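Below: one structure, written as structure tokens.
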Amino acid sequence: MNKTSQPMSALALPSRPILVAGATGAIGSQVVRALLARGAQVRVFVRSPEKVHDLPPEVERAVGTLEDRESIVQALKGSHAAFYVSPHDEREEQFAEHFVSACEGAGVRLVFSGVHASGTNRLSRFMQRTIFGLLMPHYQPKLRLAERVRTSHTNPVLLMPGNYFQMDEVCREELLAGRYPLPLGRIPRVDTRDVGEAAARALLDASVKSGGYALVGPESLSGEDTAVHWSAALGQPVQYAPNLAEMDALFVRAYGGRKALDCQKSYRLVGKVKMGTSAADLRQTTFLLGCPPRSFAEYAQEVAAGWQAAGPPVPPHAGPRLPSAAS
């Protein structure tokens, strides 16, 4: 089965559109892509229609902001389900409350992707949030808002993805120069396209039960493993050379603002963590996708071919980029 095919052969598509918030971001854009590939009706929630001018004309544009709850309410009218990913913003809990409560009022399923302390009951999730909060204090708001989603009256599905393969693309020039500078202990990683596919399944298939679902690739990867895959894909030696100062500059250059800061703090942690990919997590991922997840080797080969076809990278601007839209 190819990665854009619908895993539920007999599934009837809903007659109402799916609302996607964050449609221009790394995950939201993949959700839109996967929904369109299945023939679903899609409505995107954006600050400005110009931000999604490249989407097909049949995609509905709902204009509003997460600060304005009423604009979310209006965007949800007539929707079948909604997708939400929390932006990198100090007001993220307020934004999530606006979106979740609007979904509750509209009576639609909410599919969320982000950091979540999974567990079968509130006590076990509270204990996990406490531990995670000590390890990742900057993620405490994200953990709280995810629990708000989990306990909401939206028949919610929470997707818990590993570290994204695509994060490596911030260090394109360094990889082409033979260095992989991002610190990685050994952690589950996943392709953002698979996150989009899994979200589309949960948004369209009412038989997917409410709860938390891990999203992982076939195996956990260390920094050394990742460098080996890039070496094979690029056809040249790539050394694992973790460098925190270089990493910080890369994220400022790529994202700026709160997102860069979150990435810097997260990678300082994942550089020390060693975590295997469990068979249970892989089963959950395969269930939602309807097929095995993409491997990092497959991803790296595709990206390397694109880089080599495009020619040498353009040197980055000397100054930091302005903060980008949250993803």
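The values are calculated or read from the model by the stated rules, or taken from the named source; none is laboratory data. A quick note: this is a predicted structure, and the numbers were derived from the prediction, not measured. Every residue, glycine among them, receives a Cβ derived from its backbone with ideal geometry; neighbour counts consider all protein chains shown.
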All conditions in (1) in a strand (DSSP E or B); (2) touching a residue at least 24 places away in the same chain (Cβ under 8 Å); (3) not aliphatic (A, V, I, L, M) are true of Arg61 except (2)
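The rows are residues; the columns are (1) of a type in the set (Gly, Ala, Ser); (2) within 26 Å of Pro218 (Cα to Cα); (3) in contact with a Lys or Arg (Cβ under 7 Å, 6 or more places away or on another chain); (4) modelled with pLDDT of 95 or more.
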| position | (1), (2), (3), (4) |
| --- | --- |
| Val252 | no, no, no, yes |
| Lys259 | no, no, no, no |
| Leu269 | no, yes, no, no |
| Thr285 | no, yes, no, yes |
| Cys291 | no, yes, no, yes |
| Tyr299 | no, yes, no, yes |
| Ala305 | yes, yes, no, yes |
| Ala309 | yes, no, no, no |
| Val314 | no, no, no, no |
From Val73, Val63, Val59, Val32, grab the single residue that is at pLDDT 95 or above and surrounded by 19 or more Cβ atoms within 10 Å (Cβ to Cβ).
Val32
Hits in the range 195-230 (condition: assigned to a helix (DSSP H, G or I) and under 17 Å from Gln30 (Cβ atoms)):
Val195, Gly196, Glu197, Ala198, Ala199, Ala200, Arg201, Ala202, Leu203, Leu204
Hits in the range 37-94 - residues which are more than 25 Å from Gly257 (Cβ to Cβ) and among the β-branched types (Val, Ile, Thr):
Val42, Val59, Val73
Within the range 249-268, which residues are within 13 Å of Glu174 (Cβ to Cβ) and touching a helix residue (DSSP H, G or I) at 6+ places or on another chain (Cβ under 6 Å)?
Leu250, Phe251, Ala254
Taking the range 14-53, which residues are touching a Phe, Trp or Tyr at 6+ places or on another chain (Cβ under 8 Å) and more than 20 Å from Tyr255 (Cα to Cα)?
Ile18, Leu19, Val20, Val31
Taking helices (runs of 4 or more DSSP H) that do not extend beyond the range 109-194, which have at least 2 residues that are modelled with pLDDT of 80 or more?
140-150, 172-176
Looking only at the range 233-244, and only at residues there that are surrounded by fewer than 17 Cβ atoms within 10 Å (Cβ to Cβ) and not in a loop (DSSP other than H, G, I, E, B), the one that is nearest to the chain's Cα centre (by Cα)
Leu244
Go through (1) farther than 18 Å from Cys291 by Cα; (2) of a type outside the set (Val, Ile, Thr); (3) more than 17 Å from the chain's Cα centre (by Cα) and name the single condition Leu204 misses.
(1)
Out of curiosity, is Ser15 at pLDDT below 90 and of a type in the set (Ser, Thr, Tyr)?
no
Residue that is surrounded by the most Cβ atoms within 10 Å (Cβ to Cβ), among those in the range 245-292 that are part of a helix (DSSP H, G or I) and of a type in the set (S, T, N, Q)
Thr285
